[in-house]
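Q: Attaching a single structure in structure tokens format; questions to follow.
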Amino acid sequence: MTVLKSVGALGMVGAVGGLLAGALAVPTVGGAGLTAKLLASTFTDLPPAPREEPLSQVTRLLDKEGKVFAQFYTANRTQVALAKVAPAMREAIVAIEDARFYEHGGLDVRGTLRALITNSQAGGIRQGGSSLTQQLVKNILVENAQSADERDRARAQSLGRKITELRYALALEEKYRKDEILERYLNIAYFGAGAHGVEAAAQRFFATTAARLTLTQAATLAGAVRAPYTTDPSLGRKHQAKLKERRDLVLDRMAGLGMITAAEAAAGKRAGLGIELAPQPGGCAQSEYPYYCMYVQRELLTSPAFGNTPAERQSRMARGGLTIRTALAPKAQRAAERAIRARVDAEDTEVAAEAMVEPGTGKIRAMAASKRFGTNPGGRDNGPGTTFNLPADVAHGGGMGFQAGSTFKVFTLATALEQGWRFGQGFQTPGALVPAHGYRDCRGNAVNAPGARVYNASGEGRGGPHSLETGTWKSVNIFYMMLEQKVGLCNVVKTAQALGVTRADGTALREVPTFTLGVNEMDPVTVAAAFAAFGARGLYCKPQAILEISGDGGRTAVPPSCEQALEKRVADAVTYVLRGVFGQGTMKGQSIGRPAAGKTGTNNGYTSAWFAGYTPDLAAAVSVGDIRGSYRYPLTGVRIGDAYYGSVQGASLPGPIWVSSMEAALRNRPATGFVYPDMSRFGGGYTPGLKEMLAAERKAARDRLPRGERKRWKRGGQHRKNHKIRWKRHHQR
């Protein structure tokens, strides 16, 4: 039946015209009643169809293998085409909600008149007579509402609202075909248990899809639409009993309309509900990888690929319906989590966090922390949970970060090599240093600290002659303070900035003499990305979690954001020095079984500890500090996990976490070698007294050995020399 026929039928109801006039009170109607002519004009002079905003849907995050690891939504909904809805579901919803749907033109005259007369006589709304199209209109108006008042008006049980609904329904019938209306209704309707739309309902109620719904399942969902709150199966047995009553009513109605046989209806009614309430977790707290989820969520709100303005991005996130492909690598993620859990307990106030970044792309492969993401029992400040994104900066939900310590020495090292310093080049260092002169920030201001005295950290070197290598391997504070003075504080700051270094709290870097000692608070993602640039031969890539955004009928790829921050040869030279940290420096005795380079970071006073390192394939940074405040609670005399630490240094806890996680993340992956440095440019340096000091140290160490081991020591020295020659020849071929 067309819209005009529906209106015509409504116009020929003279027998009940007077009664209908009282029921259809509209502003243009006086006390004398509603004539057939006026009634017809009310429903022929139609407004435009109601504006339809995109429906709120679920946004899903996928890892690099295409598996969903998180989802968030305002409404748990996934839109589907009518062709992907089981025929039984289509028939069931029509049977119980609007049996004459395919016959009328949006206004079921018989049903509407019956309801209006009953309601008029009762003095209020007592009987429903809405067609599916009218119900669609109501849902559209509720979905479009911008406030609670607007939603209340859209649901109001008033005849005025009913007239508006009828007029919009007729307009929709002129705009869409019947199947299009049915598809829209099935996607917008609320079925209960937090499920909006038939696809989400099928998944929530039966752990299936709309396309695979059986007859009894379809009848159950169709029965839930009329009163989704009183038939919500997640609320207990009483609600499930009411849902079964509604399901059986639907089956009887389908049999009465000839859609199914009486035997099919009887068989369906004998069956149980078969509810399998599949969990539909929403939000990052319920994600398998909550820290990564939180990072992505914050990134979406700042990414131009997600919208041109913050308001547009916020609105798009609220509407959802997107598929976000991320760079998360499950193998690396699990490796980081296991390495941390093996050494740090969630209940510890000391926290460990790690981020893994791929050199040459900036893809964040993992983000892990020792604490579970979420609030603590009883609202306690300290416990096994945290709501801070510990591996990230404040902009991505993180905290203030921890001082990065001696990991920052690499920026001074890179600056020196760029300025022409050579391997072996160095100078004499005192046992203590007062930075009273020679330090200027990038504004040209003197930032000397004549009242401060700097010492070498315990176990990380002493005064005497040091070269670029020994000063790095032993992490000698005074050597690096003096080197920073020689190459220029501002130049070191600029090197760090070119490698993406920013403070975790988003404020300006502290350009002070101890910059090279890592006094700035950092986060693991930022530090890992900076070190990844060395693994990529100086190519710095901004950390990237989101690779592609799909939805709204389109797909947007998010390309890497990279630039050559350092000369390739300078980066190669930095790597050459940092490789020695494992063989001869603070990480001696620890290895991942393949070429690697890195730097420990231990702060004065042991307020925090770090290790950052890389291969050509993967970089990672690990931080450890007390979540209650690193200055008030230094890492001395502490029990972390199952171990006691007199003091936590970069090599004692962050280093082993890094080694375990990198070893597992790269397992079964062919090792990639580094590029050997240009010795014509970087070789040939000299430090007065260094050769003699090293020879004396070796002799002293050899003399402390039993006689039998001295011969092995000598053979080992020749073996190391031969290995170095072979390594050089291999990389020069």
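The values are calculated or read from the model by the stated rules, or taken from the named source; none is laboratory data. On a predicted model such as this, the values are computed, not experimentally measured, just so you know. Reconstructed Cβ throughout: ideal geometry from the backbone, glycine too, with neighbour counts over all protein chains shown. SASA here: full protein model, heavy atoms, side chains in, ligands and nucleic acids out. Shrake-Rupley method; radii C 1.70, N 1.55, O 1.52, S 1.80 Å.
Q: Quick one: L517 ticks every box in (1) within 20 Å of the chain's Cα centre (by Cα); (2) open to solvent by less than 30 Å² (accessible area, probe 1.4 Å); (3) not charged (D, E, K, R) except a single one, so which number is it?
A: (1)
Q: Right, here's the next one. For region 575-595, enumerate the residues that are open to solvent by less than 10 Å² (accessible area, probe 1.4 Å) and of a type in the set (S, T, N, Q).
A: Result: T575, single match.
Q: Can you name the residue in region 460-487 that is at negative phi and without any contact (Cβ under 8 Å) to a residue 40 or more places away in the chain and is also surrounded by the fewest Cβ atoms within 10 Å (Cβ to Cβ) among such residues?
A: Out of the qualifying residues, it is R462.
Q: Here are some residues: Q419, Q403. Which one is open to solvent by 50 Å² or more (accessible area, probe 1.4 Å) and modelled with pLDDT of 95 or more?
A: Only one candidate qualifies: Q419.
Q: I'd like to know if region 116-138 contains one or more residues that are touching a Lys or Arg at 6+ places or on another chain (Cβ under 6 Å), surrounded by fewer than 21 Cβ atoms within 10 Å (Cβ to Cβ), at pLDDT 70 or above and closer than 27 Å to Q57 by Cα.
A: Taking every residue of region 116-138 in turn, none turns out to be touching a Lys or Arg at 6+ places or on another chain (Cβ under 6 Å), surrounded by fewer than 21 Cβ atoms within 10 Å (Cβ to Cβ), at pLDDT 70 or above and closer than 27 Å to Q57 by Cα.
Q: While we're looking at this one, here's another question. Which members of region 387-396 meet the condition of being open to solvent by 10 Å² or more (accessible area, probe 1.4 Å) and under 18 Å from T375 (Cβ atoms)?
A: The answer is T387, F388, L390.
Q: Let me ask another. With under 22 Å from D505 (Cα atoms), assigned to a helix (DSSP H, G or I) and open to solvent by 10 Å² or more (accessible area, probe 1.4 Å) as the only criterion, which of E312, E299 stands out?
A: Of the residues listed, the single one that is under 22 Å from D505 (Cα atoms), assigned to a helix (DSSP H, G or I) and open to solvent by 10 Å² or more (accessible area, probe 1.4 Å) is E299.
Q: Follow-up. Out of curiosity, is T208 of a type in the set (S, T, Y), over 21 Å from E52 (Cβ atoms) and assigned to a helix (DSSP H, G or I)?
A: For T208, the condition - of a type in the set (S, T, Y), over 21 Å from E52 (Cβ atoms) and assigned to a helix (DSSP H, G or I) - is not met.
Q: Failed condition for C490, given (1) in contact with a Lys or Arg (Cβ under 9 Å, 6 or more places away or on another chain); (2) open to solvent by 30 Å² or more (accessible area, probe 1.4 Å); (3) over 20 Å from A612 (Cα atoms), with all others met?
A: It fails just one condition, (2).
Q: Can you tell me which residues in region 346-379 are more than 15 Å from G398 (Cβ to Cβ) and either of a type in the set (K, R) or assigned to a strand (DSSP E or B) (or both)?
A: E350, M356, V357, K363, R365, A366, R372, listed by residue number.
Q: For region 87-110, check the following and say yes or no: at least one residue is open to solvent by 40 Å² or more (accessible area, probe 1.4 Å), at pLDDT below 70, farther than 23 Å from Q57 by Cα and part of a helix (DSSP H, G or I).
A: yes
Q: Give the number of residues within region 194-230 that are farther than 24 Å from A267 by Cα and either more than 33 Å from the chain's Cα centre (by Cα) or open to solvent by less than 10 Å² (accessible area, probe 1.4 Å) (or both).
A: Residues in region 194-230 being farther than 24 Å from A267 by Cα and either more than 33 Å from the chain's Cα centre (by Cα) or open to solvent by less than 10 Å² (accessible area, probe 1.4 Å) (or both): 5 in total.
Q: So is R503 modelled with pLDDT under 95, surrounded by fewer than 23 Cβ atoms within 10 Å (Cβ to Cβ) and of a type in the set (K, R) or not?
A: no
Q: While we're looking at this one, here's another question. Could you check how many residues of region 144-166 are part of a helix (DSSP H, G or I) and either crowded, with 19+ Cβ neighbours inside 10 Å or not charged (D, E, K, R) (or both)?
A: Total satisfying the criteria: 10.
Q: Among the residues of region 254-274, is there at least one that is open to solvent by less than 20 Å² (accessible area, probe 1.4 Å), in a helix (DSSP H, G or I), among the small types (G, A, S) and touching a residue at least 60 places away in the same chain (Cβ under 8 Å)?
A: Scanning region 254-274 turns up no residue that is open to solvent by less than 20 Å² (accessible area, probe 1.4 Å), in a helix (DSSP H, G or I), among the small types (G, A, S) and touching a residue at least 60 places away in the same chain (Cβ under 8 Å).
Q: Follow-up. Tally the residues that are at pLDDT 95 or above, open to solvent by 20 Å² or more (accessible area, probe 1.4 Å) and in contact with an Asp or Glu (Cβ under 9 Å, 6 or more places away or on another chain), restricting the search to region 544-574.
A: 2
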